[in-house]
Amino acid sequence: MIGVFDSGLGGLSVLSAISRALPDADLVYLADTAHLPYGARSDGFIRARVLAIGRHLAAWGCSTVVVACNTATAAAVGALRSEHPGIPVVGVEPGIKPAAASTRSGRIAVLATESTAQSAGLARLIRDHAGCATVHVVACPGWATHIERLDLDDPELAAEVAAKVLPLLDAGVDRLVLGCTHYSFLAPLLEPLIAGRAELVDVAEAVARQVERLRTGSEQREGRLALMATARPQCLDAALPTLGLAWLSARSSGPAQLAEV
Ligand code: DGL
């Protein structure tokens, strides 16, 4: 069984890529909705949540764990790996490397939570992989919360997104890295805004390929999906159609359950 988790709905973008890449894998998705957003929390708080969820998923029998959250990866993937040396742990980091490799203008931007924007992990990625590219790091407080509310058509959100992104385009940015798994669901808003000037960089499919590489041979493969949330599990079921993921419900073994983690 492959365990995938995030603070809330964002990791569903990664789950859907894994689900498409591995149609026979048994998957469990846990949304830590009682504690979101992670992006405004301290590293210590996020680490405690990641370790608690890791123990919960290990107890469920997960043989691989995917931290489907850039913020949690930056704050705690090392601690999670140390606590479970026998379980492959896949994290999600902003796609600085593919953005820097493909930019023509030499200017890229990463949109991220406040926590990720300030993290040592992002600074390291930029140092190691941005090469000569200029990297604009842009914190986007509140965006994940908008997505949790599913108010994706809210004109206020559209105005906020435009206010962050248009100055980047005017500065010559031609690659926009989605440095938070929630922001994949903003693609319908972002794509028309950047059309002809820049491209989005999302690592969800690369993460799915990494999960495929690390997969152990021993696990059961019945293509089932269990959904869990630490608060309001019914919101997880309700969100799937709005996020264009109704097809995932067909794979799910029943309504989302409350997880006491
Ligand atoms: N989805 C998360 C990420 O990739 C965090 C969003 C939040 O809870 O602030 O960073």
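Before moving on, here are some points about what is shown:
- When region 120-142 is filtered for residues that are within 16 Å of the chain's Cα centre (by Cα), more than 22 Å from Ala162 (Cα to Cα) and not aliphatic (A, V, I, L, M), only Gly121 remains.
- If you filter region 64-79 down to residues that are assigned to a helix (DSSP H, G or I) and hydroxyl-bearing (Ser, Thr, Tyr), you find that the one that is farthest from the ligand (Cβ to nearest atom) is Thr73.
- Residue count for region 130-143, restricted to those that are within 22 Å of Ala31 (Cβ to Cβ), among the hydrophobic types (A, V, I, L, M, F, W, C) and assigned to a loop (DSSP other than H, G, I, E, B): 1
- Residues in region 132-157 that are under 19 Å from Pro192 (Cα atoms) and surrounded by fewer than 16 Cβ atoms within 10 Å (Cβ to Cβ): Asp151, Leu152, Asp153, Asp154, Pro155, Glu156.
- Residues (within 10 Å of the ligand (Cβ to nearest atom), more than 15 Å from the chain's Cα centre (by Cα) and outside any helix (DSSP H, G or I)) located in region 8-57: His35, Arg41
Here's the yes/no breakdown for (1) away from the ligand (no atom under 16 Å from the Cβ); (2) part of a helix (DSSP H, G or I); (3) among the aliphatic types (A, V, I, L, M); (4) touching a Phe, Trp or Tyr at 6+ places or on another chain (Cβ under 6 Å):
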{"site": "Arg81", "(1), (2), (3), (4)": "yes, yes, no, no"}
{"site": "Gly86", "(1), (2), (3), (4)": "yes, no, no, no"}
{"site": "Glu93", "(1), (2), (3), (4)": "no, no, no, no"}
{"site": "Ala100", "(1), (2), (3), (4)": "yes, yes, yes, no"}
{"site": "Ile108", "(1), (2), (3), (4)": "yes, no, yes, no"}
{"site": "Gly121", "(1), (2), (3), (4)": "no, yes, no, no"}
{"site": "Leu125", "(1), (2), (3), (4)": "no, yes, yes, no"}
{"site": "Asp128", "(1), (2), (3), (4)": "yes, yes, no, no"}
{"site": "Thr145", "(1), (2), (3), (4)": "no, yes, no, no"}
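- Qualifying residue in region 46-59 (condition: under 20 Å from Cys140 (Cα atoms), modelled with pLDDT of 95 or more and not aliphatic (A, V, I, L, M)): no
- Among the conditions (1) surrounded by 16 or more Cβ atoms within 10 Å (Cβ to Cβ); (2) of a type outside the set (A, V, I, L, M); (3) away from the ligand (no atom under 16 Å from the Cβ), Gly61 misses just one, which is (1).
The values are calculated or read from the model by the stated rules, or taken from the named source; none is laboratory data. Since the structure is predicted, the reported quantities are computational estimates derived from the model, not experimental observations. For neighbour counting, all protein chains shown are included, and Cβ atoms are generated from backbone atoms with ideal geometry for every residue, glycine included.
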